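Input: a single structure, listed below in C-alpha cells.
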Amino acid sequence: MHKNLRSLLSLLAVMVILSSCGKKSPKEAKYIPKDATVTFVVNPKSLEDKMKKGNLSIDSFVKKVQNNGDTLKTADKQEWEDFKNSGVSLEDNFFLFVVQKGSMQKGQTNVVNFLGTLKDESKFEAYAKKQKKLKEKTIAKGNGYSYIINENNNILAWNKEVIMVSMYQANSRMEFDSLGNYKIVDNSSIEADMKKEVDRYFTQKESESVASLEPFNNMFKESADGYMFSTSAGALAALSATPLNLPKLQELLKDNYSTTTFNFEDGKIVAKGTTYANPMLSSILKKYAGPTVNISAIEKFPSQNINGAMLASFNPELFNGMLKELEVSGMIDGFLSRQGLTSADIFKALKGEINVVVGDFSIGQQTRAIPMPDGSIYNATSEQPMAKMVLTASIGDKVAFSKLMDKAVEGGAVVKDGNSYAAGPLLKIANLYLHVDDKNFALASDSLTYAAYIAGTGKANIATDVLDKMKGKATAAFVDINSILKGTMPSIKDATSTKVLSIVNSTFKDMFLTVDNFSGSTLKSEAELRMADGKQNSLVSIMNMVTNIYTIVKEEQKNRMAQYNQLPAPPMDEAIPSGK
C-alpha cells in the first residue's frame, strides 16, 4: 500500500514538472499571427494588486480628479459602468499587436490591433447595439466571428472568446502615368483587404500564430506586469516594399525574436530582455565576439556631478564579416572606391571601444563665434545647454584611420596639423575641442576638460553600485535624472513648470541600460528606472506623480481663468449704427 502511494506521488510529481515546463502562453495568443512585428501584453490584475499595496486604486484616482473640480458627467460615469458590464474581461491580459506588410505594388501597410478577453458574447452584442456610434451599424458574420466596420478603416470583431479592434493604415505607393501625372490612389480595395486581414486572425491555425513560437511561450514562464515580443517581420516587410533584392539579407533578418518583461518593483521599474538570433546571425555573432566595456573611462572623468555615460565595446570585424556573409562587400567597395576608401578601411579604423561621459550639466548664457561669408566673426549669445563632455574612441589601424580623417578634412569638419588633427570651422562653431594622437580619437567640450581627463588627476563622483551594474557588459548606459533636472530648473522662469519639474525630480532618480555579449544562443539586456523613494512601489510613485502634476496644472488653469474674468470689459463703440 505504501509502495503504491509512493509510486502515485512520484507520478504526480513528474506530471507537475512536465506541466511547468510546457507552454504557458495565453489562450488569446492563437489570434496573433507569427508575422506580427511587435506584441505588447499588460496584466491588469497584477497592476491592480500593486496599486492596492500602496493604498491606491482607479476609484481613488478618479476621486482626486473630481476634487480638483473635474467632476465627471453623469453620462460619462454611466458609460464606464456600462462598459464594465459589457462582457469584456477587465482581469485578463490585454494585448496590442502590430502587423506590417510591404510590397512593390501596394507600398507599406500597418495594422494596429487591440485584443482582449470576452466573458459573455451575448452580453457584449447587447452592449454594442446600445452605443451611439455602433447601433446604426450592421453586425456582419464572418467565419466563426462577428464584426462591425467603422469609419476611418477600423473593424470591431469578436467571438465567444475574444474582442478585437483593428485599425488598418494603408500607405499606398505614389504612382505616375506615362506623362508624369500623379495617379489618384484607388482606395476601393482597402475595405476588402482589411476584412481579409481580420478574417486571417480569427481563422488561422495555431501553428500560424505566435502561440507556436518557443520564445513567445518562454516569455510567460516569468511572472511580470507586462510583456513585449518583437520579431524581424517588420524589417522584412520594409525590405519587400523596396526594389532591393538581397536573398542573403532576407535570410539574416528572418526569424529573429526578442522578448522583454516589465515589472513595477519597490523603488524601481525593471525591464529584462532576451534576443534569439537565427542560425545565420548566431554564427556571425559567435565568430566576432567582442570584449567588455572600459569602466575607467568614467572613473577618471573630472567632475563631481556625472550626468550620464555610454560605454560600448565591440569587435569591429563584426561589420565587415556581416557584409561578407551578405555577399555585398564587393558592391559596397565599388561605391567607396570613388572616395578612395574600402569597407575594410572603415571597420579597421577603430579598435572597438567608444566611450561618452557627460557632467556638470546646466543651462546658461553662452557665446558662439560664427564665421561670416565676408570673413568676419559674429559672436552670438543665447541661452544654451552647457556641460563637460568627453568622447573617446580607440584607434585601430592607423593608415585606415588617417584615410577617414583626411576625408573629414576635405569636408571642413577638421583640419590637419602635422601628423595630427584639430577642430575645423564646423566643430569650432559648436565650441568643441578635438584631439587625435596615435592611440585615441577624443572630442571634448573644451581643452581643459580633456587635459584633466587625460591626466587623470580628478576622480569622478559616481556611486559604486552604478559601476557594478556596468562591469562585464558589452554596452552600458547610465543617466542621472536628478542631476539633469537640477541643472535645468534654475533656467525655468515659469512657476508652474518649476513645480512640475520639482515633482518629477522627487519621483525619479536615475536609469541604466546594459547589454551582455552574445552567449552562443541568446543576447541578454536589462534596463532599470530607479525611483527616489526606494521603498514605495514604482507604479504607486508614478500614479502619485501624475495626480500631483494634474493638481498643479488644474490650479494654474483656474488662476488664469480667474484673471481673465477680472479683466475690464472692452469699450463699446461710441457710434452705434441705427440700421437706417
- Going through segment 121-162 one residue at a time, which ones are of a type in the set (Lys, Arg) and in a strand (DSSP E or B)? Lys141
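For (1) touching a helix residue (DSSP H, G or I) at 6+ places or on another chain (Cβ under 8 Å); (2) within 30 Å of Leu467 (Cβ to Cβ); (3) surrounded by 12 or more Cβ atoms within 10 Å (Cβ to Cβ); (4) without any contact (Cβ under 8 Å) to a residue 60 or more places away in the chain, each residue gets a yes or a no:
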| position | (1), (2), (3), (4) |
| --- | --- |
| Phe314 | no, yes, yes, no |
| Asp345 | yes, no, yes, yes |
| Thr381 | no, no, no, yes |
| Met386 | no, yes, yes, yes |
| Gly396 | yes, yes, yes, no |
| Val409 | no, no, yes, yes |
| Ser420 | no, no, yes, yes |
- Note on the structure: Sole miss for Glu136 among (1) under 28 Å from Asp82 (Cα atoms); (2) surrounded by 11 or more Cβ atoms within 10 Å (Cβ to Cβ); (3) modelled with pLDDT under 85 is condition (2)
- Message: Pull out all pairs, ordered by first then second residue, where Cβ-Cβ is under 9 Å, the residues are six or more apart or on different chains, the first lies in segment 432-447 and is in contact (Cβ under 8 Å) with a residue 12 or more places away in the chain and of a type outside the set (Lys, Arg), and the second is buried (at least 20 other Cβ atoms within 10 Å of the Cβ) and part of a loop (DSSP other than H, G, I, E, B).
- Response: Leu432/Ser445; Tyr433/Ser445
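For segment 198-222, which positions are touching a residue at least 24 places away in the same chain (Cβ under 8 Å) and outside any helix (DSSP H, G or I)? Can you show your working first?
Our first condition is that a residue be touching a residue at least 24 places away in the same chain (Cβ under 8 Å); within segment 198-222, this holds for 198-204, 206, 208-213, 215-222.
Hits for segment 198-222 are Gln204, Ser209, Leu213, Phe220, Lys221, Glu222.
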- Query: Of all residues in segment 523-543, which are surrounded by fewer than 19 Cβ atoms within 10 Å (Cβ to Cβ) and either β-branched (Val, Ile, Thr) or in a helix (DSSP H, G or I) (or both)?
  - Reply: Ile542
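At pLDDT 85 or above, farther than 22 Å from Pro371 by Cα, of a type in the set (A, V, I, L, M, F, W, C) and more than 35 Å from the chain's Cα centre (by Cα), is that true of Val390?
So Val390 fails the test.
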- Task: Collect the residues in segment 269-309 that are touching a helix residue (DSSP H, G or I) at 6+ places or on another chain (Cβ under 6 Å) and either in a strand (DSSP E or B) or closer than 24 Å to Ile542 by Cβ (or both), keeping them in residue-number order.
- Result: Ile269, Tyr276, Asn307, Ala309
- Mind checking which pairs have a first residue in segment 17-37 that is at pLDDT below 50 and a second that is crowded, with 16+ Cβ neighbours inside 10 Å and of a type in the set (A, V, I, L, M, F, W, C), Cβ under 8 Å, 6 or more apart or different chains? Lys23/Ala211
- When segment 267-302 is checked residue by residue, the ones that are charged (D, E, K, R) and within 23 Å of the chain's Cα centre (by Cα) are Lys268, Lys272
- Task: Among the residues of segment 512-530, write down those that are in contact with a strand residue (DSSP E or B) (Cβ under 9 Å, 6 or more places away or on another chain) and hydroxyl-bearing (Ser, Thr, Tyr).
- Result: Thr514, Ser521, Thr522, Ser525
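The values are calculated or read from the model by the stated rules, or taken from the named source; none is laboratory data. Just so it is clear, the structure is predicted and the values come from calculations on it, not from any experiment. Virtual Cβ from ideal backbone geometry, glycine too; neighbours counted across all protein chains shown.
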